[in-house]
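J.: Below you'll find the structure I mean.
The values are calculated or read from the model by the stated rules, or taken from the named source; none is laboratory data. Bear in mind that the values here come from a model prediction, so they are computed numbers and not experimental data. In this analysis, Cβ positions are derived from the backbone assuming ideal geometry, glycine residues included, and neighbour counts consider all displayed protein chains.
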Amino acid sequence: MKQDTIIVGGGVIGLLSTYLLASAGQHVALLESGETGTEASWAGGGIVSPLYPWRYSSAVTALAHWSQDFYPHLGERLFEQTGVDPEVYETGLYWLDLDDEDEALAWAAREDRP
């Protein structure tokens, strides 16, 4: 079979790219040297936020917001298509002790994020 696209790496980005391209009708080959969905993607555990989001650039903030908005819908779609519950929980970000708490709270208010 002729492939339209070859994806190298079966982490979260490679798997998502493969899924979306195949859903759009592309013939996609995914190349992974190990087990898909492991390595750094496995260690991330579905966390789609920088550790201290108020300390990053607006570009990183925009990417994180997009990811946080996209992820729950992707989980619903995957559950509908596969019957596998990805157990997506939107919990916000919890910090108990910060040196820059005022900056963190100002960022959360400005970005309208919990």
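J.: Of these, G14, G9, G46, which one is surrounded by 14 or more Cβ atoms within 10 Å (Cβ to Cβ) and on the phi > 0 side of the Ramachandran plot?
T.: Unique residue meeting the criteria: G9.
J.: Let me ask something else about it. Can T61 be described as more than 12 Å from the chain's Cα centre (by Cα) and either part of a helix (DSSP H, G or I) or of a type in the set (D, E) (or both)?
T.: Judged against the criteria, T61 is a match.
J.: Taking W54, is it of a type in the set (F, W, Y), under 27 Å from D112 (Cβ atoms) and surrounded by fewer than 14 Cβ atoms within 10 Å (Cβ to Cβ)?
T.: no
J.: Then there's this: Return yes when R55 is more than 30 Å from W95 (Cα to Cα), of a type in the set (D, E, K, R) and either in the same structural domain as E111 (by TED's automatic domain parsing) or touching a Cys at 6+ places or on another chain (Cβ under 6 Å) (or both) and no when it is not.
T.: So R55 does not fit the description; no.
J.: Now for a separate question. Among the residues of the stretch 40-62, write down those that are at pLDDT below 90 and farther than 14 Å from W107 by Cα.
T.: Scanning the stretch 40-62 gives A40, S41, W42, A43, G44, G45, G46, I47, V48.
J.: Further question: Residue pairs, Cβ under 8 Å, 6 or more apart or interchain, first in the stretch 10-28 and part of a loop (DSSP other than H, G, I, E, B), second at pLDDT below 90 and buried (at least 17 other Cβ atoms within 10 Å of the Cβ). List them.
T.: That search, which allows pairs on different chains as well, returns G11/S41.
J.: Also: Within the stretch 17-43, can you find the residues that are surrounded by 11 or more Cβ atoms within 10 Å (Cβ to Cβ), under 30 Å from D97 (Cα atoms) and of a type in the set (G, A, S)?
T.: Correct list: S41 only.
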